[in-house]
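Colleague: What follows is a single structure, and I will ask about it in a moment.
The values are calculated or read from the model by the stated rules, or taken from the named source; none is laboratory data. In this text the structure is predicted, and so the values were computed from the model without any measurement. Cβ placement follows ideal geometry from the backbone for every residue including glycine, while neighbour counts extend to all protein chains displayed. Surface areas here come from the heavy atoms of the whole protein model, side chains and all, with no ligands, DNA or RNA. Shrake-Rupley method; radii C 1.70, N 1.55, O 1.52, S 1.80 Å.
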Amino acid sequence: MSLKDTLKQKIEAHRPRTTKLTKEFGTVVIDHVTIDQCIGGARDVRCLVTDISYLDPQEGIRFRGMTIPETFAALPKAPGSTYPTVESFWYFLLTGDVPTQAQVDEVLAEWKVRQTVPEYVFAAIRALPRDSHPMVMFSVALLALQKDSKFAKFYSSGKFNKGVAWEYVYEDASDIVARSPIIAAFIYNLKYRADKQNPIDPTADAGANFARMIGQTKTYEDVARMYFILHSDHESGNVSAHTTHLVHSALSDPYYAYSAGINGLAGPLHGLANQEVLSWIMEFQKKLGGEAPTKENVTKALWDTLNAGQVVPGYGHAVLRKTDPRYQAQRDFCLNTPGLKDDPLFQLVSMIYETAPGVLTEHGKTKNPWPNVDAQSGVIQWYYGLKEWDFYTVLFGVGRALGCMANITWDRGLGYALERPKSVTTAMLEKWAAEGGRK
Ligand code: CMX
């Protein structure tokens with residue numbers, strides 16, 4: 001059975017669960033909201049639903065119930081690799097089933113058809129100043145693609161029907177996940193390889209194809225696979241996933257929705273932190289002026305950053321309260337890769353890992369002094385020759401497309417509502433504060 005047919009069965013089987021919850025248990029209270037949460041970014045308020053991933057503060061992410069090591073172990077691997085293909089992960093994220101090799105091959109063949117990006121998209125990117133941030137180029141490319149949205153066409157066809165609307169989201173979502181690495185490769189080549197563009201490899205999986213399109217070596221193929229999978233999904237409340245979900249809840253099509261999600265990912269407190277980490281490290285190395293990094297000089301650099309009122313990039317998290325397993329997975333990759341393990345930059349990042357949690361704890365502000373995904377990711381890219389760190393968030397965005405697109409496909413499948421929380425005024429908060437709560 002095709003991925004779409006499997007998904008159809010799953011969505012139809014799931015719908016009665018959602019209907020029963022709203023019809024029979026709609027008034028059951030599952031959370032309350034404090035003034036802190038109202039002013040403080042709705043932290044920890046339970047008001048979003050997704051079955052695609054769940055983030056436990058202590059354990060970290062589970063994709064469809066599986067930890068990162070379990071996910072990597074369970075999925076069919078790319079030929080000659082110990083890493084799964086992005087295509088098999090997409091099948092798994094959408095359906096919750098580990099696909100067979102035949103099912104993966106089917107997705108791969110489907111993506112090959114979807115991967116062709118129209119020339120006008122590349123022309124739109126080219127029309128931008130060459131020193132535009134690559135995230136701007138990525139966002140513009142997604143918006144440029146909107147004119148061919150199958151969901152938007154269906155909506156305006158006069159035949160729009162809520163029951164099957166998800167099928168058109170699935171079509172756009174699949175086009176977006178298949179095309180994102182192609183667009184990313186184009187941007188990379190345009191900006192950093194003097195516009196030397198390599199063609200799509202008609203036989204390669206998404207990770208291998210991306211590596212080849214940007215002129216990388218074979219060893220980078222696993223880096224791309226690992227990177228795209230690790231960055232895919234982090235439940236629904238993070239800025240990029242939440243923005244995509246919010247925008248799509250107005251029935252804006254997946255192109256509008258993911259372009260908006262990408263704009264959120266481009267914030268330094270979110271995805272842009274991976275470029276900030278590298279620039280922080282480079283600045284620090286420059287200050288060292290050839291001196292070896294030690295616990296003492298790393299401690300000083302961390303305090304200099306904190307005393308200047310800045311955040312230490314790559315550390316802290318809104319939900320996590322321990323080392324991010326996505327950090328650990330990348331650290332393990334480094335430790336298991338000869339050469340990378342002894343790379344001076346990796347050594348420095350390891351020294352920061354030894355030092356920063358203690359410094360941040362002493363500083364006493366952050367609720368989580370441990371590293372997140374972004375603290376480790378740039379070092380791997382740098383080692384393989386991707387030294388242009390302003391590109392790193394685009395790589396994050398290629399991965400994040402998988403989670404965001406799987407989520408909005410299910411949003412439509414289950415008919416989730418237009419998102420519209422209620423705001424209040426400061427005077428109302430003051431009144432409820434004086435009265436000890438809203439009566
Ligand atoms: N360095 C210094 N201060 C930090 C800090 C860090 N790494 N992390 C948090 N803090 C500070 C906050 O700025 C906040 O200070 P104020 O009270 O002055 O506003 C205080 O500690 C409490 O913050 P928190 O509740 O622990 O964290 P939040 O949920 O508000 O924010 C995050 C989470 C990730 C934005 C924050 O930890 C941060 O800014 N980290 C650095 C940037 C980063 O790595 N972002 C990437 C996150 C992963 C991703 O989305 O890609």
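Colleague: Among all stretches of the chain without exposed GluC sites (Glu not before Pro) (DSSP loop, at most 13 other Cβ atoms within 10 Å), which one is longest? Don't skip to the answer; put the middle values down first.
Modeller: On the way: sites that count: GLU59, GLU291, GLU435.
So the longest stretch without any such site is 60-290.
Colleague: For segment 313-371, what mean projected area does the convex hull of the alpha carbons give, in nm²?
Modeller: 4.0 nm²
Colleague: What's the ranking of 251-261, 398-408 by average number of surrounding C-beta atoms within 10 Å, highest first?
Modeller: On the way: 251-261: 25.4, 398-408: 28.2.
In descending order of packing, they fall as 398-408, 251-261.
Colleague: Taking K and R as +1 and D and E as -1, what net charge do the other residues with C-beta under 15 Å from the C-beta of ALA260 add up to?
Modeller: Taking every other residue near ALA260 into account, the sum is -3.
Colleague: Right, next: Could you state the orientation-averaged shadow area of the convex hull built on the Cα atoms of segment 57-192, in nm² to one decimal? Please report the intermediate quantities before stating the final value.
Modeller: Details: hull surface 45.7 nm².
That works out to 11.4 nm², a quarter of the Cα hull's surface.
Colleague: Also: Given Cα pairs under 8 Å that are at least 6 residues apart, what percent is the relative contact order of the chain?
Modeller: So the answer I get is 22 percent.
Colleague: How long is the gain from THR34 to PHE160 if the chain were fully straight, where each residue apart is worth 0.36 nm and the alpha carbon distance is subtracted?
Modeller: Roughly 41.4 nm would be gained on extension.
Colleague: Ok, one more. Assuming a viscosity of 1.306 mPa s and a temperature of 10 °C, what translational diffusion coefficient in µm² per second does Stokes-Einstein assign to the chain, Rh being the Kirkwood radius over Cα pairs?
Modeller: 69 µm²/s
Colleague: Please give the net charge around ALA241, taking every other residue with its beta carbon less than 10 angstrom from that of ALA241, where Lys and Arg add +1 and Asp and Glu add -1.
Modeller: Value of the local net charge: -1.
Colleague: Give the accessible surface of segment 273-383 per residue, rounded to a whole number of Å², with probe radius 1.4 Å and ligands, DNA and RNA excluded.
Modeller: Result: 45 Å² of accessible area for each residue.
Colleague: Could I ask something else about it? Once you list every other residue whose beta carbon is under 14 Å from the beta carbon of LEU288, what net charge do they have if Lys and Arg are +1 and Asp and Glu are -1?
Modeller: Overall, the nearby charge balance is 0.
Colleague: Along the charge dipole of segment 114-235, pointing to its positive end and built from +1/-1 on Cβ of Lys, Arg, Asp and Glu, which listed residue (SER149, PRO129, TYR227) has its Cα farthest out?
Modeller: PRO129
Colleague: Can you work out the accessible area per residue across segment 1-98, with the rest of the protein chains kept in place, probe 1.4 Å, in square angstrom? Spell out each step's value before the answer.
Modeller: On the way: 5660 Å² over 98 residues.
Accessible area per residue: 58 Å².
Colleague: Considering only C-alpha atoms, what is the centroid distance from segment 1-67 to segment 293-355, in Å?
Modeller: Each part's Cα centre sits 32 Å from the other's.
Colleague: Let me know the Rg and Dmax you get for segment 285-329 when you use only its Cα atoms, in Å.
Modeller: According to the Cα coordinates of segment 285-329, Rg and Dmax are 13.3, 37 Å.
Colleague: Over segment 48-176, what is the mean sequence separation of C-alpha contacts under 8 Å (at least six apart), divided by residue count, expressed as relative contact order in percent?
Modeller: It rounds to 14 percent for segment 48-176.
Colleague: Can you tell which of VAL49, VAL424, VAL104 shows the greatest fluctuation in a Gaussian network model of the chain with Cα springs below 10 Å?
Modeller: VAL424
Colleague: Pop out the carbon and sulfur fraction of the accessible area of the chain as a percent, whole number, probe 1.4 Å.
Modeller: 57 percent
Colleague: Can you tell me the relative contact order of segment 207-309? Whole percent, Cα pairs under 8 Å, sequence separation 6 or more.
Modeller: For segment 207-309, the relative contact order is 14 percent.
Colleague: Determine how many Å³ per residue the convex hull of the Cα atoms of segment 273-383 encloses. Don't skip to the end; give the middle numbers.
Modeller: Working: hull volume 10.2 nm³, N = 111.
Spelled out: Cα convex hull of segment 273-383, divided by residues, is 92 Å³.
Colleague: Put one equal scatterer on each alpha carbon of segment 138-270, apply the Debye formula with no solvent term, and list log10 I(q)/I(0) at q = 0.10, 0.11, 0.14, 0.19 1/Å to two decimals.
Modeller: Debye curve over Cα of segment 138-270, log10 I(q)/I(0) at q = 0.10, 0.11, 0.14, 0.19 Å⁻¹: -0.38, -0.46, -0.73, -1.17.
Colleague: Taking Cα centroids, how far is segment 249-274 from segment 185-207 in Å?
Modeller: Taking the Cα centre of segment 185-207 as reference, the centre of segment 249-274 is 23 Å away.
Colleague: Let me ask you something else. From the phi angles alone, apply the Karplus equation (6.51, -1.76, 1.60; θ = phi - 60°) to segment 29-38 and give each ³J(HN,Hα) in whole Hz, x where the residue is Gly or Pro.
Modeller: Result, rounded to whole Hz: 7, 10, 6, 9, 10, 9, 4, 3, 6, 5.
Colleague: Beyond a 31 Å Cα-Cα separation, which of these cross-linked pairs lie in this structure: LYS322/LYS439; LYS153/LYS218; LYS23/LYS422; LYS10/LYS77; LYS322/LYS431; LYS191/LYS322?
Modeller: Those over the limit are LYS322/LYS439; LYS153/LYS218; LYS322/LYS431; LYS191/LYS322.
Colleague: Tell me, how many Å apart are the Cα centres for segment 370-439 and for segment 134-155?
Modeller: 20 Å
Colleague: Let me ask another. May I ask which residue of THR116, ASN263, PRO16 lies farthest towards the positive end of the charge dipole of the chain, with charges of +1 (Lys, Arg) and -1 (Asp, Glu) on Cβ and the Cα centre as origin?
Modeller: Comparing the listed Cα positions along the dipole, PRO16 ranks first.
Colleague: Over the alpha carbons of segment 88-149, what is the largest minus smallest coordinate on each principal axis, giving the biggest first in Å?
Modeller: Sorted from largest, the Cα extents of segment 88-149 read 45, 20, 19 Å.
Colleague: Give me the Å³ per residue figure for the convex hull around the C-alpha atoms of segment 355-429.
Modeller: Values: hull volume 14.5 nm³, N = 75.
Spelled out: Cα convex hull of segment 355-429, divided by residues, is 193 Å³.
Colleague: Then there's this: Using a 10 Å cut-off on Cβ atoms, rank the peptides 124-136, 30-42 from the highest mean neighbour count down.
Modeller: In decreasing order of mean packing, 124-136, 30-42 become 124-136, 30-42.
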